[in-house]
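A quick write-up on the structure given underneath.
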Amino acid sequence: MSHWITSILAGASVLGALLAGGAPAHAQQVFGRESLLPAGTDLGEAGATEPREIFASEAHGGKQSFMTALGNMLFSSPDIFGEPARPAGVSCETCHSAGHANVSLYVPGMSGPPGTFDVSNGFFHAVADDHVFNPVRIPSLRGVRFLAPYGRDGRIASLRDFTRNVIVAEFAGAEPDPLVLDALVSYMQEIEFIPSPRLQSGGRLAADASDSERRGAQLFQRPFAQMDGQSCAGCHIPSAAFVDHRQHDVGSGGLFKTPTLLGLLSRRPYFHDGRYATVEEAIAHFDRNFGLGLTDRDKADLLAYLRAVGDSERPEQPIGVTVSLDEIETFAGTLDQLIRDRRHELLSVAVDTINHELRELQEQFFAPDLRRERGRIARIVVALRQVESAALAGDDDHAFQQLSTVLDSLKAARPMLQAAEVRSLFDPGLRQAYYEQLRRLQVASEGK
Amino acid sequence: MSFRQFLRAATAAVAIIFGAGMAGQGAKAADLSDKIQAYRQVGLQDLRSVIAGVDKLVEQLAAKDFDGARQTWIDARVGWERSETFVGELFPDSDGAMDSWPDADKGFHAVEAHLFGADPEAAMPIAKQLRADAYALGAKLEATPFEAQALLNGLAGLAYEVGEEKSSGAESRVSGTSLNDMRNNIKGVETLYEIVFREAVASADGKLADRIHEGIEEVEGMLKVDSIAKLDSKKVEVASEKLAADIMQTAASLALQPPSLEE
């Protein structure tokens with residue numbers, strides 16, 4: 001196998017076609033006869049950005065604890081799931097990219113609109129099949145510690161129980177070690193909301209709010225007789241992360257829990273089943289269902305207010321070497337403790353996960369002239385496997401020595417990889433061209 | 001662990017990560033020239049079969065014998081995948097022209113997408129270019145010497161590559177023959193190791209030689225499944241990384257540089 005990018009770098013027609021307005025490659029479907037996921041699946045991997053993730057500890061000048069870092073690693077590991085998720089590379093991260101929602105995820109037969117998924121479909125665990133096509137919107141986990149109860153209808157009170165249910169019941173994983181659950185919960189509880197630049201404390205509008213936003217806020221607080229005297233704010237309590245921790249029937253097919261409105265704009269679609277693609281449609285639903293008689297200006301004002309509430313400061317960040325290596329180093333930071341505690345099973349999970357991340361990073365350095373970069377990463381992968389082998393053989397001294405060398409080499413590789421980033425698939429143009437090649441192969445094979 | 005053991009382990013770790021210049025010092029180079037010559041004949045024969053296969057492929061496409069062409073494409077991949085132990089090292093231009101992924105314009109996989117896809121006739125111009133590239137490779141074959149360092153690099157590199165992610169479908173996903181690719185890759189690793197390196201490694205470190213042999217057999221065993229869907233790719237990944245690590249450790253006893261895994 002060699003690398004196609006030679007022709008791209010040599011000025012082949014593909015990039016030119018793209019720049020001249022060819023099909024954007026932000027979507028990439030699984031195709032061919034060999035995928036472990038249904039043909040047509042889009043895992044949302046083709047984009048050049050990923051959700052930004054803020055940890056409570058880091059926001060206050062600290063760093064992720066061992067438990068949070070371990071949970072962060074496990075969140076990215078298919079090893080905690082059973083078949084077919086594990087061999088297919090599906091992890092918590094697949095649906096909740098960087099602890100947010102993968103709004104591009106689409107699996108034929110299991111998704112309604114992109115960003116929704118039917119966890120009771122039976123594909124990932126036959127015993128969970130309820131024989132109903134009922135995909136739900138993939139929720140963001142930002143601020144999840146403030147959003148109990150859990151599940152679309154709030155059926156599970158504790159995040160720990162909910163997480164266990166996802167692993168065991170929905171994705172056929174083995175009963176998780178208590179440390180695994182503790183770590184996953186620690187990680188998720190650290191994920192902060194990304195602040196809205198349009199809000200101040202108490203969920204109040206910023207001082208420079210527009211007239212329309214202010215009118216929208218007043219409307220949001222106004223009791224409506226058609227809603228039994230309730231206001232929007234009665235359920236979406238501004239000072240309480242815009243939730244009331246309760247379930248309501250708002251004419252969408254049953255009782256569903258009140259979703260937060262924070263970060264609304266970056267986690268489409270809307271309602272429990274993702275039936276609405278826009279905030280406007282969601283507003284129209286309430287107007288129609290409760291007969292509120294909103295005027296066009298009312299709707300525009302409510303939209304302006306919800307846009308202010310649902311805004312996020314830089315909700316996305318470019319993918320790249322720095323972000324990837326930061327995450328890999330965080331994961332690798334758990335290895336010392338795992339060796340020390342002789343948690344060999346978790347050590348293997350960690351090495352598998354880190355090596356998988358390293359191999360993904362390696363794939364970004366695709367061009368023929370990036371051999372040194374690819375080799376540097378591959379040698380770290382192999383050395384990490386030796387760390388695991390030494391620890392499993394009971395030779396902890398050797399494992400620690402090897403680990404120290406690996407961690408040093410990771411740090412040493414950073415400037416080299418950063419310097420080559422512009423020639424890697426982290427470059428948006430090259431990335432787009434890469435996925436365009438895949439798309440053309442798919443078109444040729446499927447004839448569409 | 002004694003200090004000497006510790007030092008040896010630490011040196012091995014540094015050598016694996018930083019590569020060149022850290023191993024092989026002081027070891028006496030084994031004379032592998034006869035073995036390399038023997039392997040060269042095997043490798044060249046594999047590539048000659050690829051060139052002949054591509055020639056036949058074009059003829060079958062011209063005759064609109066698409067079923068025959070599909071089987072010929074599959075057959076031609078056998079020698080190609082076995083030769084990946086040295087093609088990337090010795091013939092990088094041909095590797096890029098004939099087997100780049102993902103490439104919709106040239107090479108085996110662009111042919112594959114049409115041939116096994118909706119419009120097999122559309123494979124013809126790409127197959128003709130593949131034939132021209134195969135001939136260009138053929139013209140270089142006889143004059144290219146094989147040498148131990150390049151072969152050890154290719155051996156470790158291919159052992160590592162076998163463990164690459166396959167969950168979204170691998171390179172030969174349209175024909176559904178990626179499993180063949182992997183089997184032939186590991187067969188190529190086995191052939192090269194057994195013919196060229198095993199005896200020399202065994203004379204220096206019998207346990208390491210056996211471990212590599214067993215590692216190859218382990219991967220081969222994992223690939224004895226009906227389809228990629230039944231493959232435990234995670235286990236293959238782990239086994240391939242351990243195998244690559246062991247192969248890299250042979251450099252010292254062979255008086256060669258540790259493979260850089262840069263292919």
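The values are calculated or read from the model by the stated rules, or taken from the named source; none is laboratory data. Keep in mind it's a predicted model, so treat the numbers as computed, not measured. Backbone-built Cβ (ideal geometry, glycine too); neighbour counts: all protein chains shown.
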Legend entry - Residue in the stretch A:388-415 that is farthest from the other protein chains (Cβ to nearest Cβ), counting only those that are assigned to a helix (DSSP H, G or I) and charged (D, E, K, R): A:R414
Legend entry - Selection from the stretch A:435-448 of residues that are outside any loop (DSSP other than H, G, I, E, B) and within 7 Å of chain B (Cβ to nearest Cβ): A:Q437, A:L438, A:R440, A:L441, A:A444, A:S445, A:E446
Legend entry - The lone exception for A:T278 - which of (1) within 27 Å of the chain's Cα centre (by Cα); (2) of a type in the set (S, T, N, Q); (3) surrounded by 15 or more Cβ atoms within 10 Å (Cβ to Cβ) it fails: (3)
Legend entry - Only listed residue being away from chain B (no Cβ under 14 Å) and not basic (K, R), chosen from A:F117, A:F81, A:F123: A:F117
Legend entry - First in the stretch A:112-139 and surrounded by 19 or more Cβ atoms within 10 Å (Cβ to Cβ), second anywhere and β-branched (V, I, T), Cβ under 6 Å, 6 or more apart: A:G115/A:V103; A:G115/A:I138; A:F117/A:I138; A:P135/A:T116; A:R137/A:T116
Inset, instruction - Kindly list the number of the only condition in (1) touching a helix residue (DSSP H, G or I) at 6+ places or on another chain (Cβ under 8 Å); (2) at pLDDT 95 or above that fails for A:A393. - result: (1)
Inset, instruction - Looking at (1) within 19 Å of B:Q45 (Cα to Cα); (2) facing another protein chain (nearest Cβ under 7 Å); (3) without any contact (Cβ under 8 Å) to a residue 12 or more places away in the chain, find the lone condition where B:A139 falls short. - result: (2)
Legend entry - Residue among B:K224, B:K230, B:K187 that alone is at negative phi and at pLDDT below 95: B:K230
Legend entry - Residue check for A:R385: surrounded by 21 or more Cβ atoms within 10 Å (Cβ to Cβ) and facing chain B (nearest Cβ under 9 Å): yes
Legend entry - Within the stretch B:108-119, considering residues that are in contact with a Lys or Arg (Cβ under 8 Å, 6 or more places away or on another chain) and more than 9 Å from every other protein chain (Cβ to nearest Cβ), the one farthest from A:A444 (Cα to Cα): B:F108
Inset, instruction - Would you check which residues across the stretch B:81-94 are crowded, with 24+ Cβ neighbours inside 10 Å and at the interface with another protein chain (Cβ under 10 Å from one of its Cβ atoms) and list them? - result: B:E81, B:E84, B:V87, B:G88
Inset, instruction - Identify all residues within the stretch A:35-78 that are away from every other protein chain (no Cβ under 12 Å), more than 16 Å from the chain's Cα centre (by Cα), in a loop (DSSP other than H, G, I, E, B) and within 20 Å of A:T353 (Cα to Cα); write none if there are none. - result: A:Q64, A:S65
Inset, instruction - Could you tell me whether any residue of the stretch A:219-231 is acidic (D, E) and assigned to a helix (DSSP H, G or I)? - result: no
Legend entry - Residue that is touching a Gly at 6+ places or on another chain (Cβ under 9 Å) and closer than 22 Å to A:S312 by Cα, where the choices are A:S239, A:S212, A:S201: A:S239
Legend entry - Lone unmet requirement of (1) surrounded by fewer than 24 Cβ atoms within 10 Å (Cβ to Cβ); (2) part of a loop (DSSP other than H, G, I, E, B); (3) without any contact (Cβ under 8 Å) to a residue 24 or more places away in the chain; (4) within 12 Å of another protein chain (Cβ to nearest Cβ) for B:D103: (1)
